[in-house]
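This report refers to the structure that appears directly beneath it.
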Amino acid sequence: MKKYIYILIAVVTFSSCSDELDLKSPSELTAQGFWDTEEGAKAAHTGLYANLRASASNLWLLGEMRSDIWGGRTFESPFNENLIENNITVATAPFGGWAGLYTRIHRVNDFIVNLPDVPFTNDAEKNHLLGQAYGLRALYYYTLLKTWGDVPIILEPLKEIDASSLSKPRSPQADVMAQIKSDLTASLNAFGQDESYWLKKKIFWSKAATLALKGDVYIWSGNLLGGGIPDFTEAKTALQQISSMGISLEPSISSLWGVPNEENNEFIFAVQYQQDEAETFYNSLTGRSTEINPQYNDEGASMSDFIIDGANRYGQSEKTILLLDDNDDSRKDATFIRLYIDDNGGAGYPTYNEPKYFGSIFNKFLGRVDGSVRIFDNDIPLYRYADVLLLLAEAKNFLGEDPSGEINLIRQRALGANYVAATDAYVNSSPTANANAILNERYKEFIGEGKRWWDLRRAGNSFVIDNISFLNPGDEYKLLLPITQDMIGRNPLLDQTTGYTN
């Protein structure tokens, strides 16, 4: 029997979920008996989410940093400029070692292979756990496919450290997508009619999460891998089921963000963070009190009492500032706190004033103040219902149907009492105009949530080139990342991503 010490460590570091572990004695979780008990399997299950959280910052970078959101003014030296500027070569290839995602996959593989043989008091619980694991594996492989295209497919757990047995060639995207779809089917089959949330918490994968991922996957496959109408239809059908599972739009943006609001109806699946356990990476989008306290917000109020101790390594681009420079749209204030060097005689700056602009603080995941410190312990959603609605709009648009209903639900929520249907409602237009309207709403809605790069990619190459100033026609090969020479050195069966010269 293999040793699973890493999962025991994960259990300790993911202690907030210990309420699902009714352990009689630590000695029961020995290497020899790890997969012999229900308690051991549930400990392994907890470890899967600790592993996912360890990859959360990479998932964010992969899904957003190459888009048009960032690249603006920062208070300190900026991070990941090569990603922002799409300045990527083999020599500067980011995310060596596949961004650590195969480590996560190996551990999910262990779970999928071993769980069926573990005796459970309630087989429905076992099935739910298996549905979660297949969903997580689909998520990881989908991320790999979107990032590198052709990637190795590994479905068996790592049994021994043997370099020759670890070497595998990259499988074609079509085969990787087929595996993702197979895992989605396996996940839905395991969940069956069970639409519940494990421990009634959305920090665990669920049938709703699998359906959201399925909609995302099938739109990508339909548009970029030749799946066409059948795939768009599958996506639409999956996404339409989610509203019956206790998931809905929150009535206002303000009821989404902040630690007290994490049990809202809109979140479908979120990565959990808690004080003394793990904090988010979003403190890198804030700043230090020495920089922030002398400034004023856009309402002209002093920031002198603002409690913070972070860093400011990412600044919103001017394109993002101008996109959100609409005082009728609640997403403006919900997303950023804009800082200025003076209070403009007490009037503040209702609209963007570049000469006076100092920078911004990302406001969505700003944590909470505890005494004299700020704790960054927001749960971070990977899917929420606004995402589902706008994915549904995409599927409808690809099917030649009217997507305006879903677009306008998002607009109406954002504008609230300021929404006037006669002037603010989107009216169905051409497929290209519809696609741009959907992308525009997704841009404003999901800043900081790791979506924008994937949204542009899913829409099609031309939408990426049109929106990313650092990419030009002929740069389409850059939409996939190269792999490092070190990766090829460790696995000689790997070929370099097409278009890159070693």
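The values are calculated or read from the model by the stated rules, or taken from the named source; none is laboratory data. Just so it is clear, the model here is predicted, and its values are computed rather than measured. Cβ sites come from the backbone with ideal geometry, for glycine too, and all protein chains shown count toward neighbours. Please note that ligands, DNA and RNA were not included when accessible areas were found on the heavy atoms of the full protein model with its side chains. Shrake-Rupley method; radii C 1.70, N 1.55, O 1.52, S 1.80 Å.
Residue check: is ILE268 in contact with a strand residue (DSSP E or B) (Cβ under 7 Å, 6 or more places away or on another chain), part of a loop (DSSP other than H, G, I, E, B) and either modelled with pLDDT of 95 or more or under 28 Å from LYS332 (Cα atoms) (or both)? Here the answer is no, as ILE268 does not meet what is asked.
Could you grab me the full set of residues in segment 445-498 that are surrounded by fewer than 16 Cβ atoms within 10 Å (Cβ to Cβ), in a helix (DSSP H, G or I), charged (D, E, K, R) and in contact (Cβ under 8 Å) with a residue 60 or more places away in the chain? Matches in segment 445-498: ASP486, ARG490. Filtering segment 203-235 to residues that are under 30 Å from GLU476 (Cβ atoms) and either of a type in the set (S, T, N, Q) or in a loop (DSSP other than H, G, I, E, B) (or both) leaves SER221, ASN223, LEU225, GLY226, GLY227, THR233. Among the residues making up segment 182-199, a single one is touching an Asp or Glu at 6+ places or on another chain (Cβ under 9 Å) and more than 14 Å from ALA133 (Cβ to Cβ): LEU199.
Contact annotation: residue pairs with Cβ atoms under 6 Å, 6 or more positions apart or on different chains, pairing a residue in segment 325-345 that is open to solvent by 60 Å² or more (accessible area, probe 1.4 Å) with a partner that is assigned to a strand (DSSP E or B) and of a type in the set (Phe, Trp, Tyr), are ILE341/PHE358.
Looking at segment 236-261, which of the residues that are closer than 21 Å to PHE336 by Cβ and assigned to a loop (DSSP other than H, G, I, E, B) is least open to solvent (accessible area, probe 1.4 Å)? Checked segment 236-261; the qualifying residue least open to solvent (accessible area, probe 1.4 Å) is LEU256. Every condition in (1) within 17 Å of ARG452 (Cβ to Cβ); (2) touching a residue at least 60 places away in the same chain (Cβ under 8 Å) holds for ALA435 except the one numbered (2).
Being acidic (Asp, Glu) and farther than 22 Å from ASP455 by Cβ is the filter here, so list the residues in segment 32-80 that pass it. Passing the criteria: ASP36, GLU38, GLU39, GLU76.
Among the residues making up segment 272-283, a single one is open to solvent by 40 Å² or more (accessible area, probe 1.4 Å), assigned to a loop (DSSP other than H, G, I, E, B) and either closer than 23 Å to GLY348 by Cβ or among the polar types (S, T, N, Q) (or both): GLN275. Counted as qualifying within segment 284-382 are the helices (runs of 4 or more DSSP H) with 1 or more residues that are small (Gly, Ala, Ser), namely 289-292, 331-335.
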